[in-house]
Amino acid sequence: MTSSGARGLLGEIAEVGRDARRGGYTRHVFDDAELELRAWFAERAERLGLAVTTDRNGNVWAWWGEPGPDALVTGSHLDSVPGGGPHDGPLGVVSALAAVERLQTAGFTPSRPVAVVVFAEEEGSRFGIACLGSRLLSGALSAERAASLTDAAGNRFSDVARAASLGSFGADAEALARIGVFVELHVEQGRGLVDLDAPVAVGSTILEHGRWRIDVRGQGNHAGTTALVDRRDPMLPAAYAVLAARRAAAARMGSRATIGRLEPLPGGTNVIASRVSAWLDVRADSEKDTRDIVAEIAAGVAEAAAAEGCEASVVEESYTGEVSFDPRLRDRLDSALGGVPVLPTGAGHDAGVLAAHVPTAMLFVRNPSGISHAPEEGADDAAIDAGVDALVCAIEELA
Ligand SMILES: [Zn+2]
């Protein structure tokens, strides 16, 4: 396998989890598509002589050498958002496999254990909390909180975990202690590298980010027989929230606020909803800006709800402060790669979770469309090859 190996591997999974309705891919943790990808990954890793295990939080580890301690770990995730692109997650996994094969073929002997990891539920698309696998492993999320999470069909995480034979999930100090350094390669989720005309960058920081659920409760009723003055329609405050999110973020430089998911209950064309849930995603340069944006939206929604005779609540589902990747590791990789762009990102990653515990770095790979979390996302072939080259270089440098 040469550097085109990564592209070959992507080709092997190109039909898994295709979403005919949304376009792109829907691969949610432990659904049929994601399970198929897990089995495919294990088979591919074992073919390289790696020893594959799944930890108690559903993260998959493929070991080159003894499992830890002080291992160099690389990898990413195989789950996707609903209707996501082909490379968010899988690019980091296939590049890691391709890099290991290249180094094996070249006769490279690592001086420390090396592992390729696939983290579980990175997108949080099934149970609502992004980076669930790495948050559980590192103790950033408690087992009690995870146990209570449910998916859209009402399945509890604890039941799904049991069905997946995970055993007792939660903080895993042993697994964490095996990681000496973590490097995650990821498709860039913006146009930074296109503008700089470079295929690969090293990551500097991740914006503050969090998720909040806004619930507005009103009175379900008939769309035809209920006079406007008699309505308590929760959709109106929810609509206000969408507009308030844009306004609040636009007032603060570099901030982003998005409502990309809205669930009216019961959800009928001729039915005034009894409840609307909206999920708010906010990212900003500082915790103050993030908190101010959420507070501004919450206050506005409360007012809009009161005016409509509804009640509103805002609950934080997850929050992550700004992440600065290890500066020494960043500089070491940058110089090993001969000086490449150093870029921040607004996207959360398992690397951001692990950065609180071990030296962590990210490599970003050029994405000509700049689009991500949508079918148009994707790195170009030359950048994919350059990404594998960079990862090979990183492993040689660090292992
Ligand atoms: Zn990702």
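The values are calculated or read from the model by the stated rules, or taken from the named source; none is laboratory data. Everything numeric here is computed off the predicted structure, so don't read it as measured data. Positions of Cβ are generated from backbone atoms using ideal geometry, with glycine treated the same way; all protein chains shown enter the neighbour counts. Ligands, DNA and RNA are stripped out before the accessible areas are found, and what is left, the full protein with its side chains, is counted by its heavy atoms. Shrake-Rupley method; radii C 1.70, N 1.55, O 1.52, S 1.80 Å.
In table form, for the structure just shown:
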read-out: Hits in the stretch 154-189 - residues which are of a type in the set (Gly, Ala, Ser) and either part of a helix (DSSP H, G or I) or modelled with pLDDT under 95 (or both); value: Ser158, Ala161, Ala163, Ala164, Ser165, Gly167, Ser168, Ala173, Ala175, Ala177
read-out: Number of positions in the stretch 37-53 that are more than 19 Å from the chain's Cα centre (by Cα) and not in a loop (DSSP other than H, G, I, E, B); value: 11
read-out: Qualifying position, being outside the structural domain of Val340 (by TED's automatic domain parsing) and aliphatic (A, V, I, L, M), among Ile129, Ile214, Ile179; value: Ile214
read-out: Residue in the stretch 92-108 that is away from the ligand (no atom under 16 Å from the Cβ), of a type in the set (Ser, Thr, Tyr), assigned to a loop (DSSP other than H, G, I, E, B) and over 27 Å from Ala356 (Cβ atoms) present; value: no
read-out: Elements of type strands (runs of 3 or more DSSP E) contained in the stretch 294-386, each with 3 or more residues being open to solvent by 40 Å² or more (accessible area, probe 1.4 Å) and either in contact (Cβ under 8 Å) with a residue 40 or more places away in the chain or away from the ligand (no atom under 16 Å from the Cβ) (or both); value: 311-320
read-out: Residue in the stretch 57-76 that is open to solvent by 20 Å² or more (accessible area, probe 1.4 Å), under 20 Å from the mean Cα position of the chain (by Cα) and touching a residue at least 40 places away in the same chain (Cβ under 8 Å) present; value: no
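Residue-wise test of (1) closer than 26 Å to Gly128 by Cα; (2) buried (at least 17 other Cβ atoms within 10 Å of the Cβ); (3) without any contact (Cβ under 8 Å) to a residue 40 or more places away in the chain.
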| position | (1), (2), (3) |
| --- | --- |
| His186 | yes, yes, no |
| Arg191 | no, no, no |
| Leu196 | no, no, no |
| His222 | no, no, no |
| Thr225 | no, no, yes |
| Ala245 | yes, yes, no |
